[in-house]
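Taking it in order: structure first as structure tokens, then the write-up.
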Amino acid sequence: MQPPFSLQQLIQTAVQYNAAITPLPVLIYIPTLFIFLLLRRSTRQDTSRGVLLLLAAEWGIVAVLFFMTYVGKLHPVGYFLGGLFLSGGLFYAGAASRAFPPHFFWTRDLQTWLSLGIALGGIFGYPLIGWILHRDFPASISYGLMPGPVTMLTLAVLLSARPAPKLAIMMPAFLWSLTPVLTIWWWGTWEDALLLAAGVVSLVATLKWRHKLEGAPVKDTLRFDF
């Protein structure tokens, strides 16, 4: 299977995209920090709605601005990928609107350390590998509002669900974490190996901890507690 466009075209698209949305690639770390604060203090289930909405917004931005607006200029596959990514954002927005959303919370346990490790991998590991491969910002496909780091952040958040992550809500992020199989083969984007590894680890952990969901009570509150 041949790639729809060359690595050079992809990098040039990343340059145009990052330049156009600057300073968003840096400012996106502000809501990311806010997500971390919510995970740390989220003793109420309704704070998790805010976390899901912030994730949904990031998926929507990447879908519309990166895939549909910029990758779509290179090849129609950009619109297809944008549609898939947008559907993931709508899925998480819908999860936030449910009567009983998941409860995300960081505490001192293995779930938290695994969640934090994947989050830090998306924030720092992705751009570090890009730098090693001489793909510095703005010629970076691994910085800020890009599909890989956003998906890794999503996996990290969903892994912190209490009493355990649910397979169904993680499916969009799981499925997207398989895309490095193609991106590495087509373009040698080895930074995406982090996403693939995060997806595999998250899936194994989800299956391992699903027994915690048996008989677990479901509770919800009526107001947003930001």
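The values are calculated or read from the model by the stated rules, or taken from the named source; none is laboratory data. Everything quoted here is computed from the prediction, not taken from an experiment. Heads up, the Cβs are rebuilt from the backbone with ideal geometry, glycines too, and the neighbour counts pull from every protein chain shown.
Would you check if there is a residue in region 15-28 being touching a strand residue (DSSP E or B) at 6+ places or on another chain (Cβ under 7 Å) and in contact (Cβ under 8 Å) with a residue 60 or more places away in the chain? Looking for residues that are touching a strand residue (DSSP E or B) at 6+ places or on another chain (Cβ under 7 Å) and in contact (Cβ under 8 Å) with a residue 60 or more places away in the chain, one finds none in region 15-28, hence no. In this structure, does Gly60 turn out to be free of Cβ contacts under 8 Å to residues at least 40 places away in the same chain, touching a Gly at 6+ places or on another chain (Cβ under 7 Å) and in a helix (DSSP H, G or I)? Answer is yes for this residue.
If I filter region 106-122 for residues that are in a helix (DSSP H, G or I), β-branched (Val, Ile, Thr), modelled with pLDDT of 90 or more and within 19 Å of Ile30 (Cα to Cα), do I get at least one hit? For region 106-122, residues in a helix (DSSP H, G or I), β-branched (Val, Ile, Thr), modelled with pLDDT of 90 or more and within 19 Å of Ile30 (Cα to Cα): present. Reported count of residues in region 182-200, each being more than 16 Å from Leu133 (Cα to Cα) and touching a helix residue (DSSP H, G or I) at 6+ places or on another chain (Cβ under 7 Å), is 4. Of everything in region 63-81 that is closer than 19 Å to Val15 by Cβ and among the small types (Gly, Ala, Ser), the residue that is surrounded by the fewest Cβ atoms within 10 Å (Cβ to Cβ) is Gly72.
The condition of being crowded, with 19+ Cβ neighbours inside 10 Å, on the phi < 0 side of the Ramachandran plot and among the small types (Gly, Ala, Ser) does not hold for Gly117.
Mind listing just one residue for me: the one in region 175-207 that is touching a Gly at 6+ places or on another chain (Cβ under 6 Å) and in a helix (DSSP H, G or I) and, of those, nearest to Pro101 (Cα to Cα)? Per the criteria, the residue is Leu195.
Within region 185-210, residues that are at positive phi reach partners that are part of a helix (DSSP H, G or I) and surrounded by fewer than 17 Cβ atoms within 10 Å (Cβ to Cβ) with beta carbons closer than 7 Å, at six or more positions or on different chains, in the pairs Gly188/Leu7.
Is region 122-134 home to any residue that is in contact with a helix residue (DSSP H, G or I) (Cβ under 8 Å, 6 or more places away or on another chain), more than 20 Å from Gly82 (Cα to Cα) and of a type in the set (Ser, Thr, Tyr)? Yes: region 122-134 contains one or more residues that are in contact with a helix residue (DSSP H, G or I) (Cβ under 8 Å, 6 or more places away or on another chain), more than 20 Å from Gly82 (Cα to Cα) and of a type in the set (Ser, Thr, Tyr).
Selection within region 141-165: residues that are touching a helix residue (DSSP H, G or I) at 6+ places or on another chain (Cβ under 7 Å) and surrounded by fewer than 22 Cβ atoms within 10 Å (Cβ to Cβ). The member of this set that is farthest from Arg108 (Cα to Cα) is Leu145.
Taken over region 40-95, the criterion of being over 19 Å from the mean Cα position of the chain (by Cα) and among the polar types (S, T, N, Q) is satisfied by Ser42, Thr43, Gln45, Thr69.
Comparison of Thr189, Thr179 shows that the only residue that is hydroxyl-bearing (Ser, Thr, Tyr) and closer than 16 Å to Leu153 by Cβ is Thr179.
Considering region 32-43 alone, what residues qualify as being surrounded by 15 or more Cβ atoms within 10 Å (Cβ to Cβ) and either at pLDDT 80 or above or out of contact with any strand residue (DSSP E or B) (no Cβ under 7 Å at 6 or more places or on another chain) (or both)?
Thr32, Ile35, Phe36, Leu38, Leu39
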